[in-house]
Amino acid sequence: MNKQLAIDVGATGIKGALVNTEDGSMLSDRIKYATPKPAMPDDVAKVMNNIIEDLEWKDGDIGIGFPSIVKNNVCCSANNIDKSWINVDIQALIKKHTGFHSHILNDADAAGLAEIEHGKGQGVSGTVIMLTLGTGIGSGVFKDGVLLPNVELGSLLYKDGLAEHYASNGARKSRDLNWDEYGEELNEYLQYVDRVLTPDLMIIGGGISKKFSNYAHKFEPHLKVIDAKLRNNAGIIGAAMYAHQKKH
Ligand code: BGC
């Protein structure tokens, strides 16, 4: 068994747990704090430190899924987080606040890694796209199980804005869409993604994957779309897997 602490930073909540990276199972309860508002770097790092202390982690590096483009552990975009995050070296920030070395990747890339290895993407060849529908839209794109990092399918120009302004769970709430209306909107967006990348499988994750049957009946039959097995834990599990890979 490989015990690994990982944290999934979201626009509304920051969640952490201990994960067995061999089988993707959770080894602790999931600890959740509200994301500070505004979500300034130092305040978010303090919440991460609380999670580390709550889980009594003393064994080394940590894994972090972060809701932005992440290159070499640096935050490179800020759609749904405070703009002051841009160009922040997340690894250095975490070290300063917690003393721990960390490995950081995009949150949806993390969720996809988990779903490909331990969920419904297991053994699927070709192009698999993980879409996490939360405040924004996160995406993890895989070819034969290999990740192409930082693909931002929620930031595609779409209608009069970005795709995530129309088809995320946040958009469903702010636009006050009922489930049928949301299903139609999401169907339109999925057809767009399908047209651009011709995936063999699309997996819907994030909190809203629990409600899949409320909206999935609106999807065109030719789209291959399923709900995630690991639900809302995929981001934590994938970030743990990433940290474990980086350490070895
Ligand atoms: C960000 C992505 C992130 C997604 C889900 C989007 O607003 O641009 O990087 O993966 O939200 O958190």
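Annotations
- Test: residue in segment 80-87 that is β-branched (Val, Ile, Thr) and open to solvent by 30 Å² or more (accessible area, probe 1.4 Å): yes
- Residue that is nearest to the chain's Cα centre (by Cα) [pool: residues in segment 1-29 that are outside any strand (DSSP E or B) and within 19 Å of residue 229 (Cα to Cα)]: 24
- The criterion of at least 3 residues that are within 15 Å of the ligand (Cβ to nearest atom) is met by the following helices (runs of 4 or more DSSP H) wholly inside segment 41-127: 107-118.
- As a summary of the residue check, residue 145 satisfies the conditions (1) more than 16 Å from the ligand (Cβ to nearest atom); (2) without any contact (Cβ under 8 Å) to a residue 24 or more places away in the chain; (3) on the phi > 0 side of the Ramachandran plot except for the one numbered (2).
The values are calculated or read from the model by the stated rules, or taken from the named source; none is laboratory data. Small disclaimer: the values here were computed from a predicted structure and weren't measured. Positions of Cβ are backbone-derived with ideal geometry, glycine not excepted, and every protein chain shown enters the neighbour counts. We work out accessible area using only protein heavy atoms, side chains counted, and drop any ligands, DNA or RNA first. Shrake-Rupley method; radii C 1.70, N 1.55, O 1.52, S 1.80 Å.
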